[in-house]
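Novice: After the structure tokens below, expect a handful of questions from me.
The values are calculated or read from the model by the stated rules, or taken from the named source; none is laboratory data. On a predicted model such as this, the values are computed, not experimentally measured, just so you know. For neighbour counting, all protein chains shown are included, and Cβ atoms are generated from backbone atoms with ideal geometry for every residue, glycine included. Just the protein is used for accessible areas: all its heavy atoms, side chains included, with ligands, DNA and RNA removed. Shrake-Rupley method; radii C 1.70, N 1.55, O 1.52, S 1.80 Å.
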Amino acid sequence: MKIAHIEIFEVALPMSRALKTGFGNISNKHELIVKLITEDGLVGYGESASLDEPIYNPETTESCKLILTEYIAPAVIGKSFETAEEFREAYAHVVGNHIAKAGIECAFWHLMSQHDGRSLKSLFGGVKTEIAVGEGVSIKASLTELLDDVQQNLDRGFRRIKVKIKPGWDVEPLQAIRDRWPDIELSADANAAYRFETHAKLLQSLDRFSLSMLEQPLDFDDFVDHAALQDSMKTPICLDESIQSLNDARTAITLGSCQVINIKPSRVGGIVEALKIHDYSAAHGVSVWCGGMLETGVGRAFNLALASKSNFRHPADMSPLKSFYKDDITDPPLMLKSNGCMDVPDEPGMGFRVNDNKLQKYTVNKIVI
Ligand code: OSB
Ligand code: MG
């Protein structure tokens, strides 16, 4: 498939609520929809699910736009590719910038899916027909607000509640939830807000809440202290921010820094790397699950197909429409079934249609290469 044209849409979907985390708040989000058009007229979409500010990882929407426009798009345009591995080889000289890379690599997978007449699920080696879905709960102003939010999410059928925590908002909210719901699947995501020296005792004390996992308590590059912490507590530690590549997964698993890995195609530079991390983790008895970056339906489509692989063993972050956004750019909307699961599409294409009118409506800037 020869890449003839590339378009990058900077979109701003109106948010219905902010995500409040240990690294700060996300109340606005501009991100990029990457469109690849082949010589034969096939159209593939992918998403660089960047944040506006470099508060989760070093990238931003502006950095993704720059790297895609100046370095990655020029390396693939006018060239032919047979496989995603070959495609990403064309811009392998670009270091890091994983969110930028994930957007264009996913668009290539979308092309392949149509070209080969196979679903993303089948291309990725997925096996499940539906996947379990959980929901995250932001840091709140009060326990009453928190419990109301948890109740609403349980009523909607979500299979796991993930509470965002930070120093000063941890033991109390978890205790309040456990007092009311002793048996729900509950996890906590600290988004790197703690330090081993200062908080080891406090973090160990979270063992009493029987969390399914404690996500990213310490700094993103602190594999050593994560290993010491994991060694000192029963709750499985899950790494999110720390795992940017297969090599990071190897480091974490070799050192015993975690028992679970959160895989986000965005954070690791695309599906090819995500598949490698999945397979390596499976071979070493470490389970994975699919986190999110508040993607639109485009990014979620790839996450959904990926999460249908066998070693994805925990509910995914896959909020349906209206959890964070007032509208979406794909049809049909992501649907949570009454059993707390989502169906995994299994037809050629991404399983969702990009709605051109809505894409135009929410595009604030378009780059044609
Ligand atoms: O820590 O999982 C995180 C969003 C942006 C950056 C980091 C995180 C998140 C989320 C969003 O928690 C979850 C979702 O996409 O539904
Ligand atoms: Mg996280």
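Novice: Within the stretch 159-184, can you find the residues that are more than 16 Å from Ile139 (Cβ to Cβ) and away from ligand 2 (no atom under 16 Å from the Cβ)?
Specialist: Residues satisfying the conditions are Arg159, Arg178, Asp179, Arg180, Trp181, Pro182, Asp183, Ile184.
Novice: Further question on the same structure: Look at Thr61 and say whether it is among the hydroxyl-bearing types (Ser, Thr, Tyr), closer than 25 Å to Gly292 by Cα and crowded, with 20+ Cβ neighbours inside 10 Å. First the steps, then the outcome.
Specialist: Values: among the hydroxyl-bearing types (Ser, Thr, Tyr): yes; closer than 25 Å to Gly292 by Cα: yes; crowded, with 20+ Cβ neighbours inside 10 Å: yes.
Against the criterion (among the hydroxyl-bearing types (Ser, Thr, Tyr), closer than 25 Å to Gly292 by Cα and crowded, with 20+ Cβ neighbours inside 10 Å), Thr61 qualifies.
Novice: Could you please tell me which pairs satisfy a Cβ distance under 7 Å, a separation of 6+ or placement on different chains, a first residue in the stretch 141-158 that is open to solvent by 90 Å² or more (accessible area, probe 1.4 Å), and a second residue that is not aromatic (Phe, Trp, Tyr)?
Specialist: Taking only residues 6 or more apart or on different chains, the pairs are Arg156/Leu336.
Novice: Identify all residues within the stretch 26-46 that are open to solvent by 40 Å² or more (accessible area, probe 1.4 Å), in contact (Cβ under 8 Å) with a residue 40 or more places away in the chain and polar (S, T, N, Q); write none if there are none.
Specialist: none
Novice: Residue check: is Phe81 more than 15 Å from ligand 1 (Cβ to nearest atom), buried (at least 18 other Cβ atoms within 10 Å of the Cβ) and in contact (Cβ under 8 Å) with a residue 40 or more places away in the chain?
Specialist: Criteria met by Phe81.
Novice: Moving to a separate point now. Out of curiosity, is Leu211 over 24 Å from Pro54 (Cβ atoms), within 16 Å of ligand 2 (Cβ to nearest atom), assigned to a helix (DSSP H, G or I) and open to solvent by less than 40 Å² (accessible area, probe 1.4 Å)?
Specialist: Taking the combined requirement at face value, the residue does not satisfy it.
Novice: If you scan the stretch 332-365, which residues turn out to be farther than 25 Å from Arg159 by Cβ and in contact with a Lys or Arg (Cβ under 7 Å, 6 or more places away or on another chain)?
Specialist: Pro348
Novice: Checking the structure you have, find out if any residue of the stretch 175-190 is in contact (Cβ under 8 Å) with a residue 60 or more places away in the chain and open to solvent by 10 Å² or more (accessible area, probe 1.4 Å).
Specialist: Yes, that holds for at least one residue.
Novice: Return the only residue of Ala49, Ala4, Ala18 being on the phi < 0 side of the Ramachandran plot, within 12 Å of ligand 1 (Cβ to nearest atom) and open to solvent by 20 Å² or more (accessible area, probe 1.4 Å).
Specialist: Ala18
Novice: What number of residues within the stretch 115-148 are farther than 23 Å from Met335 by Cβ and touching a Gly at 6+ places or on another chain (Cβ under 8 Å)?
Specialist: Final tally of qualifying residues: 1.
Novice: Name the single residue that is nearest to Phe81 (Cα to Cα) among those in the stretch 125-138 being among the hydrophobic types (A, V, I, L, M, F, W, C) and surrounded by 21 or more Cβ atoms within 10 Å (Cβ to Cβ).
Specialist: Among them, the one singled out is Ile131.
Novice: Which of the strands (runs of 3 or more DSSP E) contained wholly in the stretch 253-369 include at least 2 residues that are open to solvent by 30 Å² or more (accessible area, probe 1.4 Å)?
Specialist: It comes to 363-368.
Novice: Go through the stretch 1-18 and report how many residues are among the charged types (D, E, K, R) and part of a loop (DSSP other than H, G, I, E, B).
Specialist: Summing the residues that are among the charged types (D, E, K, R) and part of a loop (DSSP other than H, G, I, E, B) in the stretch 1-18 gives 1.
Novice: Which ranges mark the strands (runs of 3 or more DSSP E) fully within the stretch 19-82 that have 3 or more residues being closer than 21 Å to Ile243 by Cβ?
Specialist: Fully inside the stretch 19-82 and qualifying: 43-48.
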